[in-house]
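Asker: Quick one: the structure is below, questions incoming.
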Amino acid sequence: MSTPPRLSIVLPTLNEAAIIEATLTRLQAMKAGGVELLVVDGGSRDETPARARPLATRVIASAPGRARQMNAGAAEARGRTLLFLHADTDLPPGAEAAIAAALTPALLRRCTAALTEADGVCVPVEDGGYALVGARRADPGLFQGVDWGTDRVMAQTRERAMAMGWRLACPARLWDVDRPEDLPRLARLGEALGVDFLAPRHRGRRDSRPAL
């Protein structure tokens, strides 16, 4: 049996033919290094699946809806760590090292231990979202009705867990990069890791955003 990838990147898509090739091309170095790239298409009416297929590890067909597509990708992913990425979002240089620095083995062990008593585990981030979610069993209901991209994501996920009768553990709190005021902190992390996260990168695509 082959060794699982270190990281699986799940990209939910819908009618992204104009940008999907560029997005996946920028991820090819990570793919060559063993990262799994999963494109989960929600029924695009353009050429998104055809353009993604040569560059992705797999293209998965799913019912439309971000939560459904994320769940479909998570169900197929083989990686030890899972990263959800929008098709119009850039990962900064050194992203895999930054993920490893944030989601340390010690933190992952704490999250695993929490699941011995809790039904799910989350690692919230300071802006109201979360950096990690795990569960003892898969249930798409945990992600339904969540206002993704807002500061209500973690609170709404807690509400969904409570409605499902789940006990949700949160053993740590992290931060992510969403706003200009986050950039100095990102630069300091880069200095510690020996990576210039703020180095200029090619643009020329719609709403190209750094993500971590």
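The values are calculated or read from the model by the stated rules, or taken from the named source; none is laboratory data. Quick caveat: nothing in here was measured; it's all calculated off a predicted structure. Cβ atoms come from the backbone with ideal geometry, glycine included; neighbour counts cover every protein chain shown.
Asker: For the stretch 117-134, does any single residue satisfy the condition of being among the acidic types (Asp, Glu) and under 13 Å from the mean Cα position of the chain (by Cα)? Give the steps one after another, and end with the answer.
Answerer: First, pick out the residues of the stretch 117-134 that are among the acidic types (Asp, Glu): 117, 119, 126-127.
Now drop any that are not under 13 Å from the mean Cα position of the chain (by Cα), which leaves none.
Within the stretch 117-134, none of the residues are among the acidic types (Asp, Glu) and under 13 Å from the mean Cα position of the chain (by Cα).
Asker: I need the full set of residues from the stretch 1-27 which are closer than 26 Å to residue 65 by Cα, modelled with pLDDT under 95 and surrounded by fewer than 19 Cβ atoms within 10 Å (Cβ to Cβ), in order please.
Answerer: 26
Asker: Is there a residue in the stretch 31-49 that is of a type in the set (D, E, K, R) and surrounded by 21 or more Cβ atoms within 10 Å (Cβ to Cβ)? Reasoning before the result, please.
Answerer: Let us first name the residues in the stretch 31-49 that are of a type in the set (D, E, K, R), namely 31, 36, 41, 45-47.
Retained after the next criterion (residues that are surrounded by 21 or more Cβ atoms within 10 Å (Cβ to Cβ)): 36, 41.
Yes: one or more hits.
Asker: Under 8 Å between Cβ atoms, which residue pairs at least 6 apart in sequence (or on different chains) link something in the stretch 101-112 that is in the same structural domain as residue 189 (by TED's automatic domain parsing) with a partner that is buried (at least 16 other Cβ atoms within 10 Å of the Cβ) and in a helix (DSSP H, G or I)?
Answerer: If the second residue must be buried (at least 16 other Cβ atoms within 10 Å of the Cβ) and in a helix (DSSP H, G or I), the pairs left are 101/189.
Asker: Which of the residues that make up the stretch 113-156 are touching a residue at least 12 places away in the same chain (Cβ under 8 Å) and either assigned by TED's automatic domain parsing to the domain that holds residue 69 or among the β-branched types (Val, Ile, Thr) (or both)?
Answerer: Across the stretch 113-156, the qualifying residues are 121, 123, 125, 133, 146, 150, 153.
Asker: I've got another one for you. Part of a loop (DSSP other than H, G, I, E, B), more than 23 Å from residue 3 (Cα to Cα) and not assigned by TED's automatic domain parsing to the domain that holds residue 174: does that describe residue 67?
Answerer: Working: part of a loop (DSSP other than H, G, I, E, B): no; more than 23 Å from residue 3 (Cα to Cα): yes; not assigned by TED's automatic domain parsing to the domain that holds residue 174: yes.
Considered against the rule, which asks whether it is part of a loop (DSSP other than H, G, I, E, B), more than 23 Å from residue 3 (Cα to Cα) and not assigned by TED's automatic domain parsing to the domain that holds residue 174, residue 67 comes out as no.
Asker: Do we find a residue being small (Gly, Ala, Ser), more than 19 Å from residue 197 (Cβ to Cβ) and buried (at least 19 other Cβ atoms within 10 Å of the Cβ) anywhere in the stretch 80-100?
Answerer: Of the stretch 80-100, the ones small (Gly, Ala, Ser) are 87, 94-95, 97-98, 100.
Filter once more, so that each one left must be more than 19 Å from residue 197 (Cβ to Cβ): 87.
Retained after the next criterion (residues that are buried (at least 19 other Cβ atoms within 10 Å of the Cβ)): 87.
So far as the stretch 80-100 goes, yes, one or more of its residues are small (Gly, Ala, Ser), more than 19 Å from residue 197 (Cβ to Cβ) and buried (at least 19 other Cβ atoms within 10 Å of the Cβ).
Asker: Among the residues of the stretch 18-38, are any without any contact (Cβ under 8 Å) to a residue 60 or more places away in the chain, touching a strand residue (DSSP E or B) at 6+ places or on another chain (Cβ under 6 Å), under 15 Å from residue 87 (Cβ atoms) and not in a loop (DSSP other than H, G, I, E, B)?
Answerer: The answer is yes, given that some residue of the stretch 18-38 is without any contact (Cβ under 8 Å) to a residue 60 or more places away in the chain, touching a strand residue (DSSP E or B) at 6+ places or on another chain (Cβ under 6 Å), under 15 Å from residue 87 (Cβ atoms) and not in a loop (DSSP other than H, G, I, E, B).
Asker: Filter the helices (runs of 4 or more DSSP H) completely within the stretch 90-204 down to those with at least 3 residues that are within 21 Å of residue 27 (Cβ to Cβ) and at pLDDT below 80. Don't jump to the end; show me each part of the working.
Answerer: Working: elements: 95-102, 105-114, 153-163, 183-193.
Result: 95-102, 183-193.
Asker: Could we say that residue 107 is surrounded by fewer than 19 Cβ atoms within 10 Å (Cβ to Cβ) and either on the phi < 0 side of the Ramachandran plot or in contact with a strand residue (DSSP E or B) (Cβ under 8 Å, 6 or more places away or on another chain) (or both) here?
Answerer: Working: surrounded by fewer than 19 Cβ atoms within 10 Å (Cβ to Cβ): yes; either on the phi < 0 side of the Ramachandran plot or in contact with a strand residue (DSSP E or B) (Cβ under 8 Å, 6 or more places away or on another chain) (or both): yes.
Yes.
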